[in-house]
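Here is the structure we will look at, set down as structure tokens.
The values are calculated or read from the model by the stated rules, or taken from the named source; none is laboratory data. Keep in mind it's a predicted model, so treat the numbers as computed, not measured. Don't worry about glycine lacking a Cβ; one is built from the backbone with ideal geometry, like all the others, and counts go over all protein chains shown. In case anyone asks, the SASA skips ligands and DNA or RNA and just uses the protein heavy atoms, side chains included. Shrake-Rupley method; radii C 1.70, N 1.55, O 1.52, S 1.80 Å.
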Amino acid sequence: MSLVIKNGTIFTASDTFKADIRAVNGIITEIADKINAEPGDEVIDAAGLEIYPGAIDVHTHLDMPFMGTVTADDFASGTTAAACGGTTSLLDFAIPSKGQPLKEAAAIWHKKAEGRSAIDYGFHIAIVEYNERVASEIPALIEDGITSFKCFFAYKGSLMVNDGEFIEALNLAKKHGALVSIHAENGEMLSYLANKFVSEGKTAPEYHEASHPAIAEGEAVHRGAVLAKMAGVPLYIVHMSCKEALDEIKAALCSRQLIFAETCPQYLVLSNKLYHANGFEAAKWVMSPPLRDGENNDIIWDAIRDGFVKVIATDHCSFNFKGQKETGLSSFAKIPNGGPGIGDRVNLVYSYGVAKNKISKNKFAEVVSANPAKIFGMYPRKGSVAIGADADLTIIDPLKKGEISVKTSHHKVDYNSYEGFALEGMAVMTISRGRLIAKDNKFLGTLDHGKYIKRKKFDPAEWSA
Ligand SMILES: [Zn+2]
């Protein structure tokens, strides 16, 4: 099976060039000024279009039990939406409950995804406690290609780890070749504030924001960085949302500590005004961290441009407004945290970043594809346009205009966080291992196409320069 893409302009994290591409059996075999199609080749004319390494979303929650319910999107709907929005791979979080063997959680997540994924996928594993059993299970997970751990500093009483447990997770990562990420919010502060507001009868969704102050995120990033420094390992901060956290990241980076920061479209294009203008509908945007004030949007765009923020992922964690978000009608503390975004990341970052001259096209390739692949052990097979790499490509029409709507979204949740957002520059073709799996927001793939990505170990030496 051979695919030839002609007349496009290729943008990688480091280069821009016009070339044709040939993929055979899912692998890029040729990149040249001009490639002549042979009989039997499938040909795509990409004249006027931009070709990027396939976009990778390293932060999703599909088919996840949480806060007494289960996310609305499973792997079938989530990966279909991802494919239609230009994403070719994702990493989801396998989250064990306390006492559950990690290998059991990993096996459950394999089962959720296998045969039900339109795109390639891999897993992080959450470390929600530390003991001898947890330690003994790590080598088998690394062997299986699960080479990143997630620790929660928030969600007291369920997922939150204490500092001692976190230090042990860092030590395990160092010993076995994994990267630790954290949900950086101070869970004690959050829990104290939530209880206080509820006891005062302040139960509307806007108090979710009030109970997640930016200083709680700054504190957690600082603490995580200090503990990682003591352990002598790098650290990855998921869904960074505000200046308070960014300042701590900058301070660590400037003292030559290796800290990777990720943000998400919601912290770039949405603001906390949504909590104050929509009554209970504000529950749609109840997520942790919460949306911040608009000033933070620009501060984070600048931090992406300047290299302090390395990745844009989605934290897609979708709950229907009807029946799921409504669980919190009596109190914000009961609203399941999270929102959709898996199908909109590429178009939003292009339209509000590239088209508005906030970031370059090469920076776009870097933060939506190359860096996620490098940081999480998938590079150069993913995240690059190179001979020998998987033919995973996101093709964007820079002139195509559109508007985001739940009516045209492929996710299963009953709203879109970005309803009515105008787009300028949209993903028009998604190619996964040489196969056109989505075109003009129409799904052309199959759910048995996606393959498990067995990731390489994390090696800090690759980042020491
Ligand atoms: Zn998350």
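One table, with the values for the structure above:
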| quantity | calculated |
| --- | --- |
| Accessible area (Å², per residue) of the chain, counting only protein heavy atoms and a probe of 1.4 Å | 36 |
| Rounded tilt (10° steps) of 163-176 against the dominant C-alpha axis of the chain | 30 |
| Translational diffusion coefficient (Stokes-Einstein; Kirkwood radius from C-alpha pairs) of the stretch 55-380 at 37 °C, 0.692 mPa s, in µm²/s | 167 |
| Within the chain, helix-based [θ] at 222 nm, where runs of 4 or more DSSP H residues each add -39,500 (n - 2.57), nearest 500 | -8000 deg cm²/dmol |
| Total formal charge among the other residues, if their Cβ is under 14 angstrom from that of GLY323, Lys/Arg +1 and Asp/Glu -1 | +3 |
| Per DSSP, loop GluC sites (Glu not before Pro) in the stretch 215-320 with at most 10 further Cβ within 10 Å | none |
| Sulfur and carbon atoms: percent of accessible area, the stretch 318-418 [1.4 Å] | 52 |
| The chain: angle of helix 187-199 to the longest principal axis, Cα-based, in degrees nearest 10 | 60 |
| FRET efficiency, 1/(1 + (r/R0)^6) with R0 41 Å, evaluated for SER136 and LYS356 via beta carbons | 0.25 |
| Rounded to the nearest 20 debye, dipole of the stretch 55-380 from Cβ charges on Lys, Arg, Asp, Glu | 380 |
| Degrees, to the nearest 10: 243-254 long Cα axis against longest axis of the chain | 70 |
| Lysines whose Cα lies under 26 Å from that of LYS103, excluding same-chain neighbours fewer than 8 positions away | LYS111, LYS112, LYS150, LYS156, LYS174, LYS175, LYS374, LYS382, LYS451, LYS454, LYS456, LYS457 |
| DSSP bridge orientation in the stretch 55-380 - percent antiparallel, rounded to nearest 5 | 5 |
| Restricting the stretch 345-447 to trypsin sites (Lys or Arg not before Pro) in coil, as DSSP defines it, with at most 13 other Cβ within 10 Å | LYS356 |
| Radius 15 Å from Cβ of GLU219, net charge of other residues (Lys, Arg +1; Asp, Glu -1) | -4 |
| Nearest-10 value in Å² for the accessible area of HIS239, using the 1.4 Å probe | 0 |
| Taking the stretch 55-380 and dividing mean pair separation by its residue count, relative contact order in percent (alpha carbons under 8 Å, at least six apart) | 19 |
| The stretch 1-104: trypsin sites (Lys or Arg not before Pro) falling in loop per DSSP and having at most 16 other Cβ within 10 Å | LYS34, LYS98 |
| Residue among PHE152, ALA245, GLY40 farthest towards the positive dipole end of the chain, charges placed on Cβ | GLY40 |
| The stretch 1-78-the stretch 151-209 distance, computed between alpha-carbon centres (Å) | 36 |
| Accessible surface of the stretch 193-306 [probe 1.4 Å, protein heavy atoms]: carbon and sulfur percent | 52 |
| Inter-probe distance in nm under a simple model that places probes 7 Å from Cα toward Cβ, at ILE299 and GLU114 | 4.6 |
| Protection proxy ranking of 385-394, 45-54 - average other beta-carbon atoms within 10 Å, highest first | 385-394, 45-54 |
| Rounded accessible area of CYS254 (nearest 10 Å², 1.4 Å probe) | 100 |
| Set of aspartates and glutamates with alpha-carbon distance to LYS401 below 19 Å, sequence-local pairs under 8 removed | GLU50, ASP344, GLU419, GLU424, ASP440 |
| Heavy atoms of MET64 accessible to a 1.4 Å probe, total area in Å² rounded to 10 | 10 |
